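Read through the structure below, which is laid out as structure tokens, and then see the notes.
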Amino acid sequence: RSKATQKGTLTVFNDNMLQNLTKRKEITEMLRGAVDNNEFYLHFQPQVYVQENMAWGVEALIRWNNPKLGFVSPGDFIEIAEEGQEIIKIGQWVLEESCKFIKTCQNEESKGVKISVNISPVQLIQENFVDLVFETLDRYDVDYSFLEIEVTESIMVESYEVIYSTLSKLRDKGIKVAIDDFGTGYSSLSYLTKLPIDTIKIDKSFVDDIERDSRKKHLVTTVIEMAKIMNLELVIEGVETKKQYEYFASIASARVQGYYIAKPMPKKQVLSKLKELTN
Ligand code: C2E
Ligand code: MG
Ligand code: MG
Ligand code: MG
């Protein structure tokens, strides 16, 4: 064989890919028992109203510590959990833990604190999803208005009818719907006028570098204006600097989430952080 062909073979399947495949296989296996073995826990990241400097609540973010694999980040396992349908059980676990968190807040004099929960498209298209959500909130005695769900734009492209009806049923009972990572997906702006949603979360990639990149700044400002016109609530994600925070405070009535305010953290810590933010 010529060198060129060998090189070609290497690009088709190399060590790196083998490692990735092995890793995926391990993750797939380890995911199976993970809920039952209590390997998951939640972190909570505060969201504050940028103009009032007051807490809205938190986003629930899943964490996984597996005895064999160690810490695996959601970016590395959610997609795999979606392929194997494990996400349904995991997502239900997240919802229940989120309900418990809200109950704790209400017992600890953080009565107004709300929670935003990421929902996978795989969960959303389950036939019993809406009933399951209502049943869960009822079981924990959590008022529907304390829950916001986060879905991504990509789901709107497929199964539009199903999604539309699911989101509408949830909203009819007071659950809020947010579009996560807004601006990174495929959806056109016209979706915003059609979809039953309350909130858009502007992705971190639109916030990064805003101090230096004036085109980005214009873009984000335009999206914010548009959200205002459409009466949508706004969350700005990934705010890391004082400059960014102050810029958004000067132009928008929005919620802000990011390391500048607080990193995602365990229950106990976030509870004191929320008190600090509210004072
Ligand atoms: P997301 O929903 O867009 O969550 C925001 C991500 O940005 C989180 O990463 C958060 O830790 C990170 N982040 C927040 N503020 C900052 C900042 O100022 N700077 C930087 N560099 N990062 C920031 P995380 O926790 O690793 O989660 C990654 C993604 O995994 C989430 O993106 C979400 O899509 C998914 N995910 C997390 N928890 C769940 C869950 O319970 N269910 C589902 N289906 N997906 C989840
Ligand atoms: Mg999210
Ligand atoms: Mg996001
Ligand atoms: Mg994301």
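Observations on the structure shown:
- Across every pair of non-identical alpha carbons in the range 168-279, the mean reciprocal distance, once inverted, gives a Kirkwood radius of 15.2 Å.
- The chain - mean residue ellipticity at 222 nm from DSSP helices (-39,500 (n - 2.57) per run, n ≥ 4, rounded to 500): -15000 deg cm²/dmol
- The alpha carbons of the chain occupy a box of 69, 48, 40 Å along the principal axes, longest dimension given first.
- Debye-formula intensities of the range 119-161, expressed as log10 I(q)/I(0) at q = 0.30, 0.32, 0.33 Å⁻¹, are -1.11, -1.16, -1.18 (one equal scatterer per alpha-carbon, no solvent).
- Dipole size of the range 66-223 about its Cα centre, with +1 on Lys/Arg Cβ and -1 on Asp/Glu Cβ: approximately 440 debye, rounded to the nearest 20.
- For Ser116, residues with placed amide H under 5 Å, excluding near neighbours: Val58, Glu59, Ala60, Glu148
- Selection among Asn16, Leu192, Thr221 by position relative to the dipole of the chain gives Asn16 as farthest towards the positive end (Cβ unit charges, Cα centre).
- Ranked by the mean number of other Cβ atoms within 10 Å of their residues, highest first, the peptides 210-217, 170-177 come out as 170-177, 210-217.
- Shape box of the range 226-279 [Cα atoms, principal axes, largest first, Å]: 38, 23, 20
- Evaluated with a Cβ-only charge set (Lys, Arg +1; Asp, Glu -1), the chain carries a dipole of roughly 820 debye about its Cα centre, given to the nearest 20.
- Residue-wise HN-Hα coupling along the range 231-242, computed from phi with Karplus coefficients 6.51, -1.76, 1.60 (Hz; x: Gly, Pro): 6, 9, 6, 10, 10, 9, 9, x, 6, 10, 10, 4
- Cβ-defined net charge surrounding Tyr140, 12 Å radius [Lys, Arg +1; Asp, Glu -1]: -3
- Each Lys and Arg contributes +1 and each Asp and Glu -1, all at the Cβ; summed about the Cα centre of the range 30-145, the dipole is approximately 300 debye.
- Candidates Pro46, Gly174, Phe101 compared by Cα position along the dipole of the chain: farthest toward the positive end lies Pro46, with charges placed on Cβ.
- Plainly put, the range 1-133 has a radius of gyration that is 1.15 times its Kirkwood radius, both from alpha-carbon atoms, as the Rg/Rh ratio.
- Taking the alpha carbon gyration tensor of the range 145-193, multiplying each eigenvalue by 5 and rooting it gives semi-axes of 19, 13, 8 Å, largest first.
- P(r), alpha carbons of the range 58-144 - 5 Å bins starting at zero, rounded %: 3, 13, 22, 23, 17, 12, 8, 2, 0
- Size descriptor for the range 61-211, Kirkwood hydrodynamic radius: 16.6 Å (Cα pairs only, one decimal).
- Averaging 1/r over each pair of different alpha-carbon atoms in the range 189-237 and inverting the result gives 11.4 Å, the Kirkwood hydrodynamic radius.
- Positive-end residue, the chain charge dipole about Cα centroid, Cβ charges, pick of Gly33, Phe77, Ser165: Phe77
- Working ranking of peptides 189-197, 49-57 by packing, defined as the average number of other Cβ atoms within 10 Å per residue, highest first, is 49-57, 189-197.
Every number in this text was worked out from the coordinates using simple rules, so none of it is lab data. Note that the structure is predicted; figures quoted are calculated from it, not measured. Methodologically, a virtual Cβ is constructed for each residue, glycine included, from the backbone with ideal geometry; neighbour enumeration extends over all protein chains shown.
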